[in-house]
1. Tell me the strands (runs of 3 or more DSSP E) entirely within the stretch 35-124 that contain at least 1 residues that are in the same structural domain as Phe136 (by TED's automatic domain parsing) and among the aromatic types (Phe, Trp, Tyr).
2. Got at least one residue in the stretch 109-118 being in contact with a Pro (Cβ under 9 Å, 6 or more places away or on another chain), of a type outside the set (D, E, K, R), surrounded by fewer than 18 Cβ atoms within 10 Å (Cβ to Cβ) and touching a residue at least 24 places away in the same chain (Cβ under 8 Å)?
3. Take the residues in the stretch 97-108 that are under 13 Å from Phe147 (Cβ atoms) and either touching a helix residue (DSSP H, G or I) at 6+ places or on another chain (Cβ under 8 Å) or not polar (S, T, N, Q) (or both); name whichever of them is surrounded by the fewest Cβ atoms within 10 Å (Cβ to Cβ).
4. In this structure, is Met127 aliphatic (A, V, I, L, M), free of Cβ contacts under 8 Å to residues at least 40 places away in the same chain, farther than 20 Å from Val78 by Cα and surrounded by fewer than 14 Cβ atoms within 10 Å (Cβ to Cβ)?
5. Looking at the stretch 80-92, can you tell me whether even one residue there is at pLDDT below 85 and surrounded by 16 or more Cβ atoms within 10 Å (Cβ to Cβ)?
Amino acid sequence: MVGDWQLANAPAILALDAHQQHAPIPEIGTSTTAQHVASSWQHPLLGRYKCNIDAAFSSHSNRTGIGICVCDSEGTFVLAKTVTYPCIVPVDVGEALGYATMQWLSDMQFDSVDFETDSKLTADSFMSTRNDTSEFGSIISSCRSLFSFFKL
């Protein structure tokens, strides 16, 4: 995990070089490491915070982990939190559990927050009006209710 963090925070050219040591040459038509590294974190608007959320899964430890990092509009670290669940959950559920951080930030009186995840399924489901009665849908529905606290 530390190595991944260092790689993510290395200058783009170093990150590309380190990734190329482990990654096979991509086939034509697939995304490349250079394209992935080139996309960078975007600052939130002045006066807002950005909360980045991600899930991790360890079958070896039988755990699901959620990582949360909040930065201000200048990109300065504000706070972070990790949550560990003593089981493996489906990927969509794990990614959706990250959105439960809205309650944590609401309790701490953060109200001008932009949320970002690398899970397209989670983001699309959150923005959808479709009623999903699965465990994943239930988590998304709860998060939508919490979201009303935050200023747009």
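1. The strands (runs of 3 or more DSSP E) meeting that bar are 49-58, 77-85, 113-117.
2. Checked against the condition, which is being in contact with a Pro (Cβ under 9 Å, 6 or more places away or on another chain), of a type outside the set (D, E, K, R), surrounded by fewer than 18 Cβ atoms within 10 Å (Cβ to Cβ) and touching a residue at least 24 places away in the same chain (Cβ under 8 Å), the stretch 109-118 yields at least one hit.
3. We begin by selecting, within the stretch 97-108, every residue under 13 Å from Phe147 (Cβ atoms); these are 99-103, 105-106.
Remaining after also requiring either touching a helix residue (DSSP H, G or I) at 6+ places or on another chain (Cβ under 8 Å) or not polar (S, T, N, Q) (or both): 99-100, 102-103, 105-106.
On the way: Tyr99: 26, Ala100: 16, Met102: 23, Gln103: 14, Leu105: 21, Ser106: 16.
Among those that are under 13 Å from Phe147 (Cβ atoms) and either touching a helix residue (DSSP H, G or I) at 6+ places or on another chain (Cβ under 8 Å) or not polar (S, T, N, Q) (or both), it is Gln103.
4. Values: aliphatic (A, V, I, L, M): yes; free of Cβ contacts under 8 Å to residues at least 40 places away in the same chain: yes; farther than 20 Å from Val78 by Cα: yes; surrounded by fewer than 14 Cβ atoms within 10 Å (Cβ to Cβ): yes.
Judged against the criteria, Met127 is a match.
5. Looking through the stretch 80-92, at least one residue is at pLDDT below 85 and surrounded by 16 or more Cβ atoms within 10 Å (Cβ to Cβ).
The values are calculated or read from the model by the stated rules, or taken from the named source; none is laboratory data. On a predicted model such as this, the values are computed, not experimentally measured, just so you know. No Cβ is skipped: glycine too gets one built from the backbone with ideal geometry, and neighbour counts run over all protein chains shown.
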